[in-house]
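Just below is one structure, and these are the notes that go with it.
The values are calculated or read from the model by the stated rules, or taken from the named source; none is laboratory data. Just so it is clear, the model here is predicted, and its values are computed rather than measured. Every residue, glycine among them, receives a Cβ derived from its backbone with ideal geometry; neighbour counts consider all protein chains shown.
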Amino acid sequence: MIDLRSDTVTKPSQAMREAMAAAPVGDDVYGEDPTVNRLQEMAATLLGKEAALFVPTGIMANQLSLRAQTQPGDEVIVESRSHIVRYEQGAAAALAGVQLHWVTGQRGLLTPEQVEAAIRPKDSYSIQTKLICLENTHNSGGGSCYALSTIEQIGKVAQTHAIPMHLDGARLFNAVAATGVPAADYARPFKTVSFCLSKGLGAPVGSMIVSDQPTIEQARRFRRMYGGGMRQAGILAAAGIYALEHNITRLKEDHEHARRLALVLQKIPTVSLDVHSVETNILVFDVRLQSLGRSAADIIAALKQAGVLINALGETTFRAVTHLDVSAQDIDEAGQVFAQVLSR
């Protein structure tokens, strides 16, 4: 089975498993797990920040970052199709008590002008904007990448209004691989940055938050509150260390595979896809299902029966994601399956 549903389906390699098995451990709630501490130091250094915190999931990383920088009743600017809006179960309202101000970007990317316009006036009538969140790469935008200059301009807007910024960098290293911009440069305008170890980097679980030391201490306290304190977590952290040491540069292969598949999909008459929009490892495409006389569920089922797994994002929109467990041969085989299923 060729699994293109997400890069979260990757399995740890044998070498990663060996690193996990050999990891020295301690009680991380007491700050005594040497492997967790090493991972946190690596992450902070890599992104040019003072400190980092290892957490179980990307959602927790985002939500702790929001909680550590806001108070109940504050407002947070987010892109309308961002992960924080669509896939985090309303956690911002339920856990941090904040209101999300949705702004619709182009392929998920906001402009400085849009952010400026969304900031509330400082008066006694308006809810106050206390945080600006960007997502890079943007999942629902098809793995789209921010230009560093755009982020810097948004950062200047935020600085003018004395509003901190958070980056949902779940796939930040895909943006790094695609643009050549160092992770620390991308991270510089943000007070907090989250990134996942469990997506394209191939670790089985875990995400990181990086920030200044006081903010990380706040996030650590809230991690405990949210039930995210882990004990001998070095076994998991070792996978993260291996991922950072071995799996960043190879992300370009996933991007090449995505473009390779996009070229095949573009030739199928029922498919609408802009090949030039495929920047990283995520392909979002539309299928003219009416001409096939089938529903999205029918297409998903037919592809699965033929050996390919993908996800539907809507009534006619689908997503395929390449990752380290998908080879060039898999991509060619998947392309043949797509051509057969979507041409009937």
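Does residue 127 fit the bill of being within 20 Å of the chain's Cα centre (by Cα) and either surrounded by 22 or more Cβ atoms within 10 Å (Cβ to Cβ) or not in a helix (DSSP H, G or I) (or both)? For residue 127, the condition - within 20 Å of the chain's Cα centre (by Cα) and either surrounded by 22 or more Cβ atoms within 10 Å (Cβ to Cβ) or not in a helix (DSSP H, G or I) (or both) - is not met.
Filtered by the rule that a residue be part of a helix (DSSP H, G or I) and crowded, with 19+ Cβ neighbours inside 10 Å, segment 255-299 gives 255, 257, 258, 261, 262, 265, 299. Candidates are the residues of segment 222-278 that are acidic (Asp, Glu) and out of contact with any Ser or Thr (no Cβ under 6 Å at 6 or more places or on another chain); the one that is nearest to residue 38 (Cα to Cα) is 245. Pairs needed: first member in segment 296-322, closer than 21 Å to residue 266 by Cβ; second member anywhere, loosely packed, with under 14 Cβ neighbours inside 10 Å and among the charged types (D, E, K, R); C-beta distance under 7 Å; at least 6 residues apart or different chains. Pairs that qualify, where the first residue is closer than 21 Å to residue 266 by Cβ and the partner is loosely packed, with under 14 Cβ neighbours inside 10 Å and among the charged types (D, E, K, R), are 296/315. For segment 130-140, the tally of residues that are buried (at least 23 other Cβ atoms within 10 Å of the Cβ) and closer than 30 Å to residue 261 by Cα stands at 6.
Restricting attention to segment 149-180, the residues being in contact (Cβ under 8 Å) with a residue 12 or more places away in the chain, surrounded by fewer than 18 Cβ atoms within 10 Å (Cβ to Cβ), more than 16 Å from residue 129 (Cβ to Cβ) and not polar (S, T, N, Q) number 1. Put simply, of 20, 60, 16 the only residue that is aliphatic (A, V, I, L, M), touching a Leu at 6+ places or on another chain (Cβ under 8 Å), assigned to a helix (DSSP H, G or I) and in the same structural domain as residue 176 (by TED's automatic domain parsing) is 20.
Would you say residue 99 is closer than 19 Å to residue 209 by Cα, assigned by TED's automatic domain parsing to the domain that holds residue 120 and among the polar types (S, T, N, Q)? Here the answer is no, as residue 99 does not meet what is asked.
Considered as a group, the residues in segment 224-250 that are within 26 Å of residue 332 (Cα to Cα) and touching a Leu at 6+ places or on another chain (Cβ under 8 Å) include one that is surrounded by the fewest Cβ atoms within 10 Å (Cβ to Cβ), and that residue is 250.
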